Amino acid sequence: MDSTYTDDEQRLIDVWEDHLRCEFADRDAAATVATMSDDNYVNHVPVMTGGCGRDEMLAFYGRHFIPKMPADTKLTPVCRTVGQGRVIDEMVFRFTHDIVMDWMLPGVAPTGRRVEVPLVVVVQLRTGQIVCERIYWDQASVLVQLGLLDPSHLPVAGAETAWKVLDPGRPSNDLIRRTAGGSDAQPPPNSRPEGDCQAF
């Protein structure tokens, strides 16, 4: 247990981490939904997949999420903020697109390509249960990495977005320089800035 968390905050974390274990380690839809309230909802914001209530979520996790998660999926923690009944996790989500992923890429056939994308999940909890999850990522970055979106004339980037989250010292403003056809800024020193968020 991280000593920087209060007992109440740690209880929120424990419920959330139990939920994650049921999803990604045990791969058990019923156990995942058991961590949630009757009036729960999940929204994968970029594609609006998920559901509301135990029945919808049991169907969603059992048909579209857990069995549609690539075997090599990896979540790399970046930052965690806890308070006011919420856990907010920032992470990098990595996978190989070797199966149909209804929940993230509905209608897209497997490409066999590797994807790395920053992801943020806002989890609301109440009386020891998860009430809602809102999950955000940059779908344009995912589509670039799958070869479905040409970034050459658009202000979008691929896996570099994830690399920059993990290493803030990587160069900034590449898209600006590309557009301007020159260099107008020096990359920052290779150091991680201090922040208010608590690492996992």
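Quick note: the coordinates plus some simple rules give every number you see, no bench work behind them. Owing to the predicted nature of the structure, the values given are computational and were not obtained by experimental measurement. Here the Cβ positions follow ideal geometry from the backbone for every residue, glycine too, while neighbour counts run over all protein chains shown.
Taking the chain as a Gaussian network, where each spring joins two C-alpha atoms under 10 Å apart, which residue of 129, 145, 84 fluctuates the most?
Its mean-square fluctuation being the largest, the pick is 84.
For residue 114 and residue 21 in the same chain, what is the full-extension length gain: residue separation times 0.36 nm, less their Cα-Cα distance, in nm?
Extra length from residue 114 to residue 21 when fully extended: 31.1 nm.
How many percent of DSSP beta bridges within the chain run antiparallel, rounded to 5? Please list the in-between numbers first.
Values: 33 of 38 bridges.
Around 85 percent of the beta bridges assigned by DSSP in the chain are antiparallel ones.
With the chain treated as a Gaussian network of Cα nodes joined by springs under 10 Å, which of 53, 62, 147 yields the largest mean-square fluctuation?
147
Ignoring solvent entirely, what values of log10 I(q)/I(0) come out of the Debye formula for the chain at 0.08, 0.09, 0.10, 0.16 Å⁻¹ when each Cα is a single scatterer?
-0.31, -0.39, -0.48, -1.11
Would you mind pulling out the separation of the Cα centroids of the stretch 18-48 and the stretch 81-123, in Å?
Measuring centre to centre over Cα atoms gives 13 Å.
Provide, for q = 0.22, 0.25, 0.26 Å⁻¹, the log10 of I(q)/I(0) from a solvent-free Debye sum over equal Cα point scatterers in the stretch 1-50.
Debye intensities relative to I(0), on a log10 scale: -0.90, -0.99, -1.01.
Please compute, for the alpha-carbon atoms of the stretch 35-153, the extent along each of the three principal axes and give them in descending order in Å.
47, 30, 26
In debye to the nearest 20, how big a dipole does the stretch 23-69 give about its Cα centre with +1 on each Lys and Arg Cβ and -1 on each Asp and Glu Cβ?
It comes to approximately 220 debye.
I want to check the label-to-label distance for residue 30 and residue 148. Put each point 7 Å from Cα in the C-beta direction and report it in nm to one decimal.
Rounded to a tenth, the inter-label distance reads 3.3 nm.
Relative to the first principal axis of the alpha-carbon coordinates of the chain, what is the inclination of helix 7-20, with its axis defined by its Cα atoms, in degrees from 0 to 90 and to the nearest 10?
Long axis of 7-20 versus the principal axis of the chain: about 80 degrees.
When the expected Rg is taken as 2.2 N^0.38 Å, what fraction or multiple of it is the alpha-carbon Rg of the stretch 99-140?
Relative to the rule-of-thumb radius for its length, the stretch 99-140 sits at 1.54.
Using a 10 angstrom cutoff on alpha carbons, build the Gaussian network for the chain and name the most mobile of 19, 97, 153.
So, out of 19, 97, 153, the one fluctuating most is 153.
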